[in-house]
1. Residues Phe21, Phe94, Phe114, Phe118: which one is assigned to a helix (DSSP H, G or I), at pLDDT 90 or above and surrounded by fewer than 19 Cβ atoms within 10 Å (Cβ to Cβ)?
2. Among the numbered criteria (1) among the aromatic types (Phe, Trp, Tyr); (2) assigned to a helix (DSSP H, G or I); (3) loosely packed, with under 15 Cβ neighbours inside 10 Å, which single criterion is violated by Tyr107?
3. Which ones in region 296-333 are within 17 Å of Val85 (Cβ to Cβ), crowded, with 17+ Cβ neighbours inside 10 Å and not hydroxyl-bearing (Ser, Thr, Tyr)?
4. How do the pairs read when you match residues in region 340-361 that are touching a residue at least 12 places away in the same chain (Cβ under 8 Å) with residues anywhere that are among the charged types (D, E, K, R) and outside any helix (DSSP H, G or I), using Cβ under 7 Å and keeping only pairs 6 or more apart or on different chains?
5. Within region 343-364, take every residue that is hydrophobic (A, V, I, L, M, F, W, C) and touching a Leu at 6+ places or on another chain (Cβ under 6 Å) and give me the one that is farthest from Ile331 (Cα to Cα).
6. From the set of residues in region 319-339 that are in contact (Cβ under 8 Å) with a residue 12 or more places away in the chain and acidic (Asp, Glu), which is nearest to Tyr306 (Cα to Cα)?
7. Specify which of the listed residues (Val211, Val206) is touching a residue at least 24 places away in the same chain (Cβ under 8 Å) and surrounded by fewer than 20 Cβ atoms within 10 Å (Cβ to Cβ).
8. For the condition closer than 21 Å to Val13 by Cβ, touching a Leu at 6+ places or on another chain (Cβ under 6 Å) and not small (Gly, Ala, Ser), what is the one hit in Leu195, Leu167?
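The values are calculated or read from the model by the stated rules, or taken from the named source; none is laboratory data. Note that this is a predicted model, so its numbers are computed, not measured. Ideal geometry is used to build each Cβ from the backbone, glycine not excepted, and the neighbour counts take in all protein chains shown.
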Amino acid sequence: MYIISTYLIYLLVITIIFNNFFKFLTGAEIISLADEVLFIWVIFYITYEVLLNRMHKFIGILFSVVALFITVSIYTGNSPLFKIVVQAILHIKFFLFAYFFYKQRAYINLYFLFKTIFFITLLGILVNLFLGSSYYSIVGVTEIYRSELLPRIIGFQFNANLLSLVLSVSYIYISLALKTTTRKFIFITSGFTILILLTGSRSALVVFPIVAYIFFMAKEDIRRVFKIAISIFITLIFLSILFYLRDSDIFLKTSENISLMTDAEDTLYIRAIMIYYSFILAEEYFPFGAGVATFGSVLSQNSVIYQKLGIAHLHFFEEMEGVYDSNLASILGELGIFGIAVYIFLLYKTYKLFNFSNRVYIFALTIFIFLISSKTAVFFQGYSSTLFGIGLAMAGGRRDENIADK
C-alpha cells in the first residue's frame, strides 16, 4: 500500500510542477486537477490522523487559525458563509502541504523527488535555449522580453516566474544544506545568477543576498570582525548590482511598477492595484480586514468589495486575471494587520516544525518564502505550496516518526 501511495505522490508532484508541459503533450485539461487531487489527499490524510486521535499540535494551531479567519469574516459580513469556510481552508493550503510532506518524509525519498524536479527543470532550460524562438512557437507561449538580447526562458514550466522558484529553492538547498566550500559557493552562485537572470524574474533575485549573508554568517571558522566586513561587502555588492542595472529593462520595469503604486487608480498594472487597495481595506476594516473570499483570493469573484471600491468593471476582476498573484495584497485586504501577524506566526511555527535538521537552510528558505509572498501566491497556490513544502521537508531526510513527533 505504501509503495502505491509513494508512486502516486511522485506522479502528482511531478504533474503539478510541470503541469503546463503535460497538458501540452496530452492536450488533456483534466491534468490541471492534479493540484486539487493532492489537496483532497492532504485533507483526508489529516482527517484520518484526527479521527485516530493522532493530531499533531501544528494541525491544532492551523485549525484554530481557520476558526479565527471564519469568525472575523462572518463579523465583517462581506461574503456568504460557504465561501468563507472554503476560502479560510484554502488560506492555509501551504501550511497543510508542508505538514503533509513533513509526515511523508518517513516513507518517501523527498530528496530524490526534488532532484528529479531539478534535473527535469535543467533539461527544460537547455531545450528552451537550444531551440530559441522556435521553442515558444512550438509550445504556444508568447515570447516576453526583459532585455533586447533574449526572451525570458520558460523551460518545461512554460512560465518564467514558476521556473525561477524551482531554481531559487535549488540554489538555497545546494548552497546551505549540502557541505559547500566558499569556492564552490561562489561558483554555484555565479551559475544560478545567470539562470535566474535568464528567467527575467525580478522578485527571485532577492534569494542571492539572503543566501550569501546566511552562508558566511553560519561559518564558524570566520571571526566576528570578518563577518561584519563580509556583511558590509555583500551589501555593497548588492547596491553595486542595482547601480549597474539601473538603466536596464529589468530595473526600469521594477522601478516603474513601484511608482505605479502611488497612483493605482490610473494604472492597469494589476499588482499595483491590488496592493494599493489592500491598504485601503486594511485601514477601513482595521484591524481584521474585509474578510476572506472578498479580495484577491480564489473565491473573491463577484465580491461586493470590488463593487464598493469601484474596480469591479476592470477586466482583471471580471476575468479574475492576476488578482491573486500577491499574497501580501490578499492577506492585508482580507485579514488586515491581524492577518499579516497570523501568517508571520504560522511561518515561525513552520520553521520550528522543520528546524530539527539543516537549520541554516530551513531558516533561509523560510525567509525567502516570506519575502517572495509579496509577489507570488505562495500560501494559496498549489505549485508553490507543493514546491516549498517539499523544499522544507526534504532537509530532514527519512526519520522515524516517533522521533520526529516528540
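1. That would be Phe118, the only listed residue that is assigned to a helix (DSSP H, G or I), at pLDDT 90 or above and surrounded by fewer than 19 Cβ atoms within 10 Å (Cβ to Cβ).
2. Of the numbered conditions (1) among the aromatic types (Phe, Trp, Tyr); (2) assigned to a helix (DSSP H, G or I); (3) loosely packed, with under 15 Cβ neighbours inside 10 Å, the odd one out for Tyr107 is (2).
3. Val298, Leu299
4. Qualifying pairs under 7 Å: none.
5. Only one residue fits best here, namely Val360.
6. The selected residue is Glu334.
7. Only one candidate qualifies: Val206.
8. Every option except Leu167 fails the conditions.
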